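The values are calculated or read from the model by the stated rules, or taken from the named source; none is laboratory data. Note that the coordinates shown come from a computational prediction; the quantities given were computed from them, not determined experimentally. Using ideal geometry, Cβ is built from the backbone for each residue, glycine included, and neighbour counts are taken over all protein chains shown. Side chains included, ligands, DNA and RNA excluded: accessible areas come from the protein's heavy atoms. Shrake-Rupley method; radii C 1.70, N 1.55, O 1.52, S 1.80 Å.
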Amino acid sequence: YDKNIDEDNYYFRFIPLEGVGIDYACDILTADEFHKITEEYFYQLLISGILLGLILMTALYNAAVYYYKREKEFLYYALMQIFMVTNLIFMSDLVDDTTKSDILQYDMVNLIIILLATLFVRAFLDTSKYLINWDKALVSILIFIVFDMFYLLITSVSILSTYHLYSILVISYIF
């Protein structure tokens, strides 16, 4: 590199590597490449911020409705939205890589979301009164989720996450 001959700016980007034995790799980028990556990252953060803001606004609205009406389904829904914001923060680049790598926190947030969603469905549809068979199924799902939470705390492994059972729970809510 000679300052008089080569006047281009170069940027370094450190990329975390997992499972390779090396903590980070380094990319050398030209100014154009760097600005392209920065622009893509800006739009990703902009969309994430808009979505997080919308979800937080609806969470505050549902919390206010719960405060005035004292109906528990609004509380379950508001808490579920707050934990969904936490989940989106984990999924986006808003937290550093050391926090992202803590899969125990991520799985626990997902389990809490499913727990609150199940409680919301039970309360909103009043399944204990109108849909007794579905209520038994929802109670068994609640028991399994609580068991999985304790299993996650003890072994640092979630059954729902390991075996990709989240989609089965979502399908059961649809039908």
Check off (1) surrounded by 12 or more Cβ atoms within 10 Å (Cβ to Cβ); (2) at pLDDT below 90; (3) more than 24 Å from Leu51 (Cβ to Cβ) for Val146 and give me the number that stays unchecked. (2)
Inspect all residues belonging to region 107-123 and state whether any of them is at pLDDT below 90, touching a Phe, Trp or Tyr at 6+ places or on another chain (Cβ under 9 Å) and either of a type in the set (Val, Ile, Thr) or surrounded by 13 or more Cβ atoms within 10 Å (Cβ to Cβ) (or both). yes
With respect to Tyr76, is the statement that it is modelled with pLDDT under 85 and open to solvent by less than 70 Å² (accessible area, probe 1.4 Å) true? no
Apart from one, (1) surrounded by 14 or more Cβ atoms within 10 Å (Cβ to Cβ); (2) farther than 14 Å from Lys72 by Cβ all hold for Ser156; the odd one out is (1)
